[in-house]
Each structure stands twice: as structure tokens, then as C-alpha cells.
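Structure first, then comments.
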Amino acid sequence: MSALVDMELAASGRLEAGQPYPLGATWNGDGVNFALFSAIATRVELCLFDGEREVARLALPDCTDQVWHGYLPGAQPGLVYGFRVHGPHEPARGHRCNPEKLLIDPYARAFAGTFAWNDERFANGFDPGSAQPTLRGGDGVRATLKCRVVDPAYAWQGDRAPRTAWSDTVIYEVHVKGFSLTNPAVPEAQRGTYAGLAHPASIRHLLGLGVTAVELLPVHEFIDERRLVQSGLRNYWGYNSLGFFAPAARYAGGLDPICEFRDMVRHLHAAGIEVILDVVYNHTCEADDAGPTLAFRGIDNASYYRLRANGSCDDVTGCGNTLNLAHPRVLQLVMDSLRWWVSAMHVDGFRFDLATALAREDGGFDPGCAFLDALRQDPVLAGVKLIAEPWDIATCETGRFPPGIAEWNDRFRDAVRGFWLTGTTRCGEFALRLAGSSDLFRHSGRRPQASLNFVTSHDGFTLADLVAYERKHNEANGQSNADGNNDNRSNHCGIEGTTTDPAVHALRGRLQRAMLATLLLAQGVPMLTAGDELGRTQGGNNNAYCQDNAVSWVDWTRTDTALCNFAASLIELRRRHPALRRVNWFDGSPSPLGERDIAWLWRDGAEMTREQWEDAANRCFGFRLGRKNLQEAALLVLINAGAKEIEFTLPLAPGGAWELQLDSAQPELPRPGAGVTMPSCTVPARALLILSSAPVSS
């Protein structure tokens, strides 16, 4: 402790006034400035620690514009601290101060110590004779996290962001731990860590597959819910944030989390791979009104959270509380966090979990809310990718976000599953999704890349499980199989779960390849879920948020090499053909070569009529993509989701012949130069064919 702060100064209880900005703990080379927002505090104490022992408790000497602040000369990076906030305890008005509880700094860049659940984590008890919570005593500082002052300096060694264009982007949604934990090619000490994701073996797989960006499941510091811990489970996904500036220490392999995270980013950037973070600003780990008091609740509950008239939490997230981004200081917290991750950690974008909860004003979801306006005008965020999950538990607003923000397209997911697996999606709906979902996103100058397309994600069945299970199997989650979505739009191909039947295996493989082909050939931005290309299964668990075990981890000892090669070939095909990743919408206009940008075809080779589009029994159609110049190939895509093969009359090909590029009915790729007999082509059942007019140079 003596190396980190002047002990005599600490013992004297004297702090200099310091500054109200920036918020958090800021080292300036000579000492540390502390600043904490609370609109209701009557006194704020800075607590200093030597290990787990509290050695000083100093009152912040000044308060400017509701920010309490003080400066500690001589303090250095590594200093461990926390706060105690004195103020009103009036739950009916939303105020829940309790100075007996040590609170973390919402701006903490790093944490010290370990967290353990006990009753002292809770600032409120409940008197059986009263509906109102009462103050609960007890400190428990030995079993809670403290904050650690950091030195933000880092040698980036010329790191440069890849800045991949949206139209060239292929996203890979991945869990830091689960991706490398069982990979024998990664050194054991690095498996399941930031270093493991950045290991050459991991990067080789990403580059071989052809993805351009990894989207990391939450890496903000988070805790495991008490219920899970008591059941022997953990919060694997990480949607339970405690610190919005600190990388989770559990993925750092015992090293400095900030340094190891930055090393990961630097190595991925050197390979041309962007890093996008899945961020959870819609709620915190403090849960509902009966939840723990760890930070925000004890600092200023009524400012940080959306509350009802009776002072209780307004929960539109399903997690007990909702952060109140309509409050300027909470909005500032989120924006400061985003800027920190871009400027200090060099990340390339963000996917906002339950983004509609962030965009709520008093009247509900508002595309012109303060948060979305702040995102779009911020100069630090101007060059990064912004992605919204456009729903929360109260509303779905797909397509309603403003320009500059892409959206997870749930309508694409449902249409692809419905077309290939359940027969509930008609050709017209399916074609609309293939063409970029213009009905949702073609407004306000938005382009097809506003649609982030996916068939699976971390939440739900894996690709392999979509064709192996019709019912969820979540018994291991400890909720009597009541959790998870019941609307999976899956097809077990005749047998629920595992089987040795070769015909079922063949059908399942064919359907997986058809859905992968649809994803990678559709207009918009495709997102793969890590492990889908390897045949990863969760045994039918469609809500594996608490399964930090083999259920969720990528199993590198059992991989479907043929499926992985197929996925890689699709991504390469997408890269080679600009018509598959158009910047602008289809409008039927001719190119300089006189070819229409897209023509939708019936099986006789003629353009489809309205009656054919509306035929609910039809499961087959095709489309031709035109060329902008002679260096491009014309593409012909033939689709048959029916149970029988269909003969398809081919239109004339530029140069006189079509060449088969891909047949999703086959696990192997077609041999180079595989022609197609004119004037017709047999389209196998439950398959997608891609033909080109001529080979295209890279």
C-alpha cells in the first residue's frame, strides 16, 4: 500500500478538492482524481484498501453539479478503492442509499479481489409485516469486488483498424472462452482466454473460414447470479454486467485483463479481422428491487434506473431492471464507455443487446431518442460499426432504427427456417429476405447492409440442432424446461435427437448446407455463429446461458470438416462475386450491359407471375443477377425446398454456358469446370444451386 499512496496523507483524512471531470479515477502522473455522480448523496466517502483490508475512509471534499470529487496526491496506478454513499433511504421515492455497503465506481477500468454471494451483498431486507424494504447492515468487504486505478498507456505497435466495408463484412459471433477451451492446437494455459482467441491456431481457423470480424459475447466485467451459483451453474453468456469499462478478468488467464485484451485486438487486427463487442447497457447485475446493492442502486437508484411511480424497477429487459438512458448522466456513462473501448481498447464496433430498451423515452421506443442521436453524431464512434438488437421483452422494432445503425434481422431468421424446415414461409417472403429486406430497411437513405442476417445466434438452437430437435431440451438449466423459446421453427427430420440412421444424417446435412448457402448469398451482412460450421450441438438446449461446460464450448475433437469447407467456399464465393454483396438496392433497372440487376424466374425460365408468387404450394424458384461490366460473371441461383427434384429451364448464359459453382445437396464442392447441360438443369430436393456464366478472377 505504501507504494501506491502516501499513507500519512491517507491517515490525515485530507483530500484536495480535485475536479468534477472526468468521472471515475484518473491518474495524471502525480496523483489520482476521483469523481462520482450522485444527485441525492449527502456525503461520499472514498475507501482505500491494502488487499482486503480497508485502511482509510476519506470524505470527498467537494461537489460540483451533482458530481462529488477529490484528488489524492501521490496515488498511483494499482491503488484499490471503493465508495460509500450517504443519502436518503426512501424506497417509495426510489432512493436506496446505505453507507454500510461498499460500492464500486461505475467508471472502474479494472477490479481487484473476488466476489462471493452472501446476505451482506444486499442493502435491503424485507420486513414480513411491511411491503417496504428496510436497511440491512453488514459490510462484507472481504467478499466483494473493489476498483483498481489503472495506467491507460499501452504500446500499440502501429496497430491499425481493418475498417472493412459493410458490404464486404462477414461476422462470426463467438464466445471468448468457449471458442478455444478445447482446442489442442492452443497452449493449455491460453485456452479459454483472450490470448486463446488471438492464438495463431485460432486466427488460422478464422482466416480459413473467411470471416472478417468477430463479434464477442459480452466481455464487460460481470458476475454470476446467486441462483445459478447455488445451483452449481454459472452465467456463461455474460449478459449480467457490473462494469462497463473493464474487460472481464475471467478471460485473462490470470494476467492483466486490459493488457491481454489489447494484445488480442492487436493480433486480430494484424490478421485483418475486426473486433465487435456485444454490449449490455440495457440492465445491470443488480437485478430487481430485491437484488444486491453493488454500485448504481446505492449511488443514485432513481437516476440510474427506470422506475415506476411507486419507486420499483421498470423492467423491460427480463433481468429485473432497466438502465435509464433518458437521464443525461446515465447517457454520459454509456457514451463514455463506448468511447473508451474505441479510443483506449481499439475495438471496431458494438452490437447493442436489447437496443430498444436503450432507445426508450417516456412514450416508449423513439428512433429520435437522445441515445441514438448521441451515437450518430459522436466523432469517436463515427468510423465503427453499430448494430442493434431491435427488440426487448415489451416490443420488437425491426427496421425502425435510424441510418448508420444496422439491425439483427429476425424476419430473415424466421423466413429461412420457415422456408427450408417447416414449409411455413412462401417463396415471396423468402425472396424478399434474400434481396435485403427492403420492406424493413429501405428508408431514410439506408442500404441493404442495414440488414444483419442470421439463421442462428448464441440464443437458440445451433445449426445442427435446428435439424435434430423439434422440442427444446433445457432441463439442465434448472428451470423445469420452462425457459427458452418454444417457437424454434426447427425440423428433426423424423427422429428427435441423435441417430445412426444414414438417411436422416444425409437429410440433416443437406438442410444445414441449404441454410448456410441462403445466409451467405443473401443481400445484407451475414453473421455465422461460432461452431455452426463445425457441426456443434448443444444437445437440444436452446437457452444455454448458464452452461459453462461441454454443452456450450466448441468441441475441437469432433468437427465436421466437410461442412466447414462448404461454409468457407460459400464465403469465398461471396467475396469473388460483387453481385452477392451489392451496396445498393435492386430496382430492376438495366446495367450498362443491358442486363437487369435481378430477374426472378419460374421453373420454365420465364419471369414469375403474381399468381406463381402467391402459390402457397410452390417450393421452387430462381433468380438471375446481372453484371455491371464484362469482368463480372452473371449468376443464376436455383432454389428447391420441396421433397422432389425439379427440372428447371435455364435462361441463356453470357458466353453460351453456365458453370456449376455450388450444389448444396452435395457435401463436396463441384469439380472445376463442371458445366450444366442446356437447356435445362435438375435441381435436387431441398437444395440450392449456384451457377455462373464464366469463372471470375479473384
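The values are calculated or read from the model by the stated rules, or taken from the named source; none is laboratory data. Source: prediction; values computed, not measured. Virtual Cβ from ideal backbone geometry, glycine too; neighbours counted across all protein chains shown.
Of the listed requirements (1) crowded, with 20+ Cβ neighbours inside 10 Å; (2) over 21 Å from A435 (Cα atoms), M608 misses just one: (2).
Just wondering, is there one or more residues in the stretch 682-692 that are over 38 Å from the mean Cα position of the chain (by Cα), surrounded by 13 or more Cβ atoms within 10 Å (Cβ to Cβ) and either over 20 Å from R575 (Cβ atoms) or modelled with pLDDT under 95 (or both)? Full working, then the answer.
First, the residues of the stretch 682-692 that are over 38 Å from the mean Cα position of the chain (by Cα): 682.
Now narrow it down to the ones that are surrounded by 13 or more Cβ atoms within 10 Å (Cβ to Cβ): 682.
With either over 20 Å from R575 (Cβ atoms) or modelled with pLDDT under 95 (or both) added as a condition, the list becomes 682.
Yes, the conditions are met somewhere in the stretch 682-692.
For the stretch 438-479, a residue qualifies if it is part of a loop (DSSP other than H, G, I, E, B), among the polar types (S, T, N, Q) and crowded, with 17+ Cβ neighbours inside 10 Å, and the qualifying residues are T456, S457, T462, N474.
Here R574 clears all of (1) more than 26 Å from Q512 (Cβ to Cβ); (2) at pLDDT 95 or above except the condition numbered (1).
Scan the stretch 21-38 for residues that are under 35 Å from the mean Cα position of the chain (by Cα) and either crowded, with 16+ Cβ neighbours inside 10 Å or part of a strand (DSSP E or B) (or both) and report the count.
12
Filter the stretch 499-523 down to the residues that are over 30 Å from G210 (Cβ atoms) and not in a helix (DSSP H, G or I) and list them by number. Correct list: T499, T500, D501.
Close contacts from the stretch 310-324, counting a first residue that is closer than 14 Å to D353 by Cα and a second that is part of a loop (DSSP other than H, G, I, E, B) and of a type in the set (K, R), with Cβ to Cβ under 6 Å and a gap of 6+ residues or different chains, come to T322/R306.
Anything in the stretch 265-290 that is assigned to a loop (DSSP other than H, G, I, E, B) and either within 20 Å of W237 (Cα to Cα) or of a type outside the set (G, A, S) (or both)? List them, or say none.
Once the filter is applied, which keeps residues that are assigned to a loop (DSSP other than H, G, I, E, B) and either within 20 Å of W237 (Cα to Cα) or of a type outside the set (G, A, S) (or both), the stretch 265-290 yields I273, V280, Y281, N282, H283, T284, C285, E286, A287, D288, D289.
R360 meets all of the listed conditions (1) at pLDDT below 95; (2) over 20 Å from D288 (Cα atoms) but one, namely (2).
Looking across the stretch 380-394, the residues that are loosely packed, with under 15 Cβ neighbours inside 10 Å and either touching a helix residue (DSSP H, G or I) at 6+ places or on another chain (Cβ under 8 Å) or closer than 25 Å to V214 by Cβ (or both) come down to V380, A382, G383. When T456, T498, T424 are checked against the criterion of being under 21 Å from G509 (Cα atoms) and free of Cβ contacts under 8 Å to residues at least 40 places away in the same chain, a single residue qualifies: T498. Candidates are the residues of the stretch 453-494 that are among the small types (G, A, S) and within 21 Å of the chain's Cα centre (by Cα); the one that is farthest from L354 (Cα to Cα) is A464. I need the full set of residues from the stretch 296-313 which are outside any helix (DSSP H, G or I) and acidic (D, E), in order please. Scanning the stretch 296-313 gives no hits. The condition of being in contact with a helix residue (DSSP H, G or I) (Cβ under 8 Å, 6 or more places away or on another chain) and under 19 Å from V467 (Cβ atoms) holds for only one of A514, A522, that being A514. Can you find even one residue in the stretch 429-438 that is closer than 25 Å to P578 by Cβ and within 19 Å of the chain's Cα centre (by Cα)? Scanning the stretch 429-438 turns up no residue that is closer than 25 Å to P578 by Cβ and within 19 Å of the chain's Cα centre (by Cα). Of the residues A562, A568, A606, the single one that is among the hydrophobic types (A, V, I, L, M, F, W, C) and touching a Leu at 6+ places or on another chain (Cβ under 9 Å) is A568.
Pairs meeting the criteria (first residue in the stretch 175-191 and surrounded by fewer than 16 Cβ atoms within 10 Å (Cβ to Cβ), second residue assigned to a loop (DSSP other than H, G, I, E, B) and at pLDDT 95 or above, beta carbons under 8 Å, at least 6 apart or on different chains) are P184/W556; A185/H199; A185/W556; P187/H199.
Free of Cβ contacts under 8 Å to residues at least 24 places away in the same chain, crowded, with 19+ Cβ neighbours inside 10 Å and not in a helix (DSSP H, G or I): does that describe D224? Yes, satisfied. Across the stretch 271-295, the number of residues qualifying as aliphatic (A, V, I, L, M) and free of Cβ contacts under 8 Å to residues at least 60 places away in the same chain comes to 0.
Please go through the stretch 267-298 and give me each residue that is of a type in the set (A, V, I, L, M), in contact with a Gly (Cβ under 9 Å, 6 or more places away or on another chain), at pLDDT 95 or above and farther than 11 Å from S241 by Cβ, ordered by number.
Scanning the stretch 267-298 gives V275, I276, L277, A287.
E215 passes every criterion in (1) in contact (Cβ under 8 Å) with a residue 60 or more places away in the chain; (2) surrounded by 21 or more Cβ atoms within 10 Å (Cβ to Cβ); (3) over 18 Å from the mean Cα position of the chain (by Cα) apart from (3).
The combined condition, being farther than 22 Å from T114 by Cβ and among the β-branched types (V, I, T), is not fulfilled by T193.
Checked against the criteria, I273 does not count as surrounded by 24 or more Cβ atoms within 10 Å (Cβ to Cβ), among the aliphatic types (A, V, I, L, M) and in contact with a strand residue (DSSP E or B) (Cβ under 9 Å, 6 or more places away or on another chain). Under the condition of being of a type in the set (A, V, I, L, M, F, W, C) and surrounded by fewer than 16 Cβ atoms within 10 Å (Cβ to Cβ), the residues counted in the stretch 549-564 number 2. Of the strands (runs of 3 or more DSSP E) contained entirely in the stretch 65-134, those carrying at least 2 residues that are modelled with pLDDT of 95 or more fall at 67-73, 80-86.
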